[in-house]
Protein chains: 2
Amino acid sequence: MDKALQVREFAGLAGVTVRALHHYDRLGLLRPRRTAAGYRLYGRRELERLEQIVALKFIGVPLKRIKSMLDRDSAALPGALKRQRTVLEEKRRLLDHAIEAIRNAEQAFAEGRQPDTAILKHIIEVIEMQNDQDWSAKYYSPEARAKIEERKKEWTPELQEQTTKAWLDLFRDVEAALGDDPGSERAQALGARWKQLVGGFTGGDPGVAAGLNKMYADRPNWPAHMKETMAPFSNPKVWEFMGRVLKCASIG
Amino acid sequence: MDKALQVREFAGLAGVTVRALHHYDRLGLLRPRRTAAGYRLYGRRELERLEQIVALKFIGVPLKRIKSMLDRDSAALPGALKRQRTVLEEKRRLLDHAIEAIRNAEQAFAEGRQPDTAILKHIIEVIEMQNDQDWSAKYYSPEARAKIEERKKEWTPELQEQTTKAWLDLFRDVEAALGDDPGSERAQALGARWKQLVGGFTGGDPGVAAGLNKMYADRPNWPAHMKETMAPFSNPKVWEFMGRVLKCASIG
DNA sequence: TTCCAGCCTGACGTTGCGTCAGGGTCAAGC
DNA sequence: GCTTGACCCTGACGCAACGTCAGGCTGGAA
């Protein structure tokens, strides 16, 4: 006869609450035997199972899935572990961003005399970057995403500013040259600048370039603030003109 | 007249759902004006406030607190930011542990032929370490906790094993010497070994040592698995004997 | 027998919305 | 003037994992 414990003792032994045991019982996750009076009795088998439950819960597996894992496809464990790890790593990424955002805001507060509400703008910035990235991810293949991730590490705010300015300049110059012959020297020079700026983002990777094209093609579905951000670059005449310029370049 | 938007447009603009706006409205967090028919109308002021809400939500502040922050003590923002950051950092610590635990389990799976359920033991190990640490934290002052954190970085599994063995050996030797005079050379040698092992954990820090004493004094309240872990070291005669030995040492 | 500790089963509360269900509103087309 | 169809409204339930009563048995001791 194995020692059988009542809920309270068992809960203490295993480091969970009595209520949790009740909960697991109702979910069918851990059903102890019962005395005639209905008291729950836990033994060694239950302890083992509970430990597995706690382990899976610790790594963030929801109770329902724990149940199906332990009851049915226990062979799927390694796959489940990996999936769960990627989930947690994603959560961690989010947490990192949030912490970074707070740091930004705190620093802004420590440095300057801004009204409290304005400080939150620093957090908003991070959120929007985050949103843009999550949202644009769907246009890229996994490999392309990996490339972008890699290149992002070498990305600095100054570089960002320079790039934005370069694009603005280019658009202004192209608008001034809309009447030119696409094959003209001036137009081709603009085309070269264009290609270089694109290359600065794609890093020459065709997969990244393909994603970028998909994203551009889908611009009617962009979220509002993305459209707003890209508003200075939305002139369709410029795009059309550059299309012809680049076609000339590839032919000639 | 500022442009007033209906829920759908406003939600799209701000990147939240219509339902969320309804929710914030009911909570009193963001109350737009209404048309005669009861339609919600959002303007620039509402957009600003919503951005602040989203920012605070992003860093994990619950809606109720957001409300009180924005309505009443908006001056408490920097403090709130700091608190929130520590909360998130704590969460991140937990997440890291969970990820580490999964890695352990995955490696065990990749290496050896263990049954699936046994692999979860590797996760359980991490959980228990985590629990022990969280629970023992209450005995230490913040400074002592910081010291321990620092020393933990130089802690390796091998060192852990060595230390455990050293303690086991010491207890065995002390048990064999219980009849000796506490002032005797043999007893004093045992006392020296004891002090050295304690010092190996405290690093000579009196704060850490104080916490350790508090923890030992509270041993009736230790959780079950802690008692189990410490069972080999629970012989009260050994502790009593060592008390006398160390008193002799400090006097003589 | 009585008492108290410990067990039981509901059932509601929490957090931030998602998701119907049932029913007005409004501009447009017939 | 009436019907659409697109939007809007207000409940109200659902989810995840228990916490926290409330009301009522059980079981061993005094």
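Just a few scattered comments:
- Each residue of the range A:3-15 was assigned a 3J(HN,Hα) from its phi angle through the Karplus expression (A = 6.51, B = -1.76, C = 1.60, θ = phi - 60°), giving 5, 10, 10, 7, 3, 4, 4, 4, 4, x, 4, 8, x Hz with x at Gly and Pro.
- Computed magnitude of the charge dipole of chain A (debye, nearest 20; Cβ of K, R +1, Cβ of D, E -1): 1860 debye
- Probing with 1.4 Å while keeping every protein chain in the model, the per residue accessible area of the protein assembly as shown equals 61 Å².
- Result for chain B in a Gaussian network model with C-alpha springs under 10 Å: among B:G204, B:G38, B:G15, the largest mean-square fluctuation is at B:G38.
- Under a Gaussian network description of chain B, with springs only between Cα atoms under 10 Å, the residue in B:F58, B:F201, B:F241 that fluctuates furthest is B:F58.
- Shielding of B:94-102 by partner chains, average beta-carbon count, 10 Å: 6
- Over the range B:1-49, relative contact order from alpha-carbon pairs under 8 Å, at least 6 apart, %: 44 percent
- Rolling a 1.4 Å probe over the protein chains gives B:Y216 an accessible area of about 60 Å².
- Inter-site label distance for A:E9 and B:E143 at 7 Å from Cα along Cβ, in nm: 4.5 nm
- Annotation for A:D73, label-to-label distances across the other copies: 5.1 nm (shortest first, one decimal, point 7 Å from Cα along Cα→Cβ).
- Set of the range A:130-153 residues, backbone N closer than 17 Å to the point 7 Å along the Cα-Cβ line of A:L94: A:130-138
- Between 0 and 90°, nearest 10: helix A:116-136 axis offset from chain A longest Cα axis: 90 degrees
- Across the identical copies, how the A:P220 labels are spaced - nm, sorted shortest first, 7 Å along Cα→Cβ: 7.7
- Of the trypsin sites (Lys or Arg not before Pro) in the range A:77-184, the ones in a loop by DSSP (not H, G, I, E or B) with at most 11 other beta carbons within 10 Å are A:R113, A:K153.
- Computed lengthening from A:A166 to A:A118, 0.36 nm per intervening residue step minus Cα-Cα distance: 14.4 nm
- To the nearest ten degrees, helix B:157-176 and the longest principal axis of the Cα atoms of chain B are 40 degrees apart.
- Model label zone, B:W155; criterion: amide N under 17 Å from point 7 Å along Cα-to-beta-carbon; scope the range B:174-203: B:197-203
- Surface burial for A against B, with a 1.4 Å probe and both sides summed, reaches about 3900 Å² of accessible area.
- Alpha-carbon centroids, the range A:20-68 and the range B:33-59: separation in whole Å: 45 Å
- What you get for the protein assembly as shown, charging only the Cβ of Lys and Arg (+1) and of Asp and Glu (-1), is a dipole of about 2100 debye around the Cα centre.
- Helix B:236-251 and the longest principal axis of the Cα set of chain B meet at an angle near 80°.
- Of B:T202, B:M215, B:L81, farthest towards positive along the dipole that unit charges on Lys, Arg, Asp, Glu beta carbons give chain B: B:L81
- Comparing B:A231, B:A37, B:A209 in a Gaussian network model of chain B, where Cα atoms under 10 Å apart are tied by springs, the biggest mean-square fluctuation is seen for B:A37.
- Using a simple spin-label model with pseudo-atoms 7 Å out from Cα toward Cβ, B:W239 and A:V198 lie 7.6 nm apart.
The values are calculated or read from the model by the stated rules, or taken from the named source; none is laboratory data. Just so it is clear, the model here is predicted, and its values are computed rather than measured. Note that each Cβ is placed from the backbone with ideal geometry, even for glycine, and that neighbours are counted across all protein chains shown. Just the protein is used for accessible areas: all its heavy atoms, side chains included, with ligands, DNA and RNA removed. Shrake-Rupley method; radii C 1.70, N 1.55, O 1.52, S 1.80 Å.
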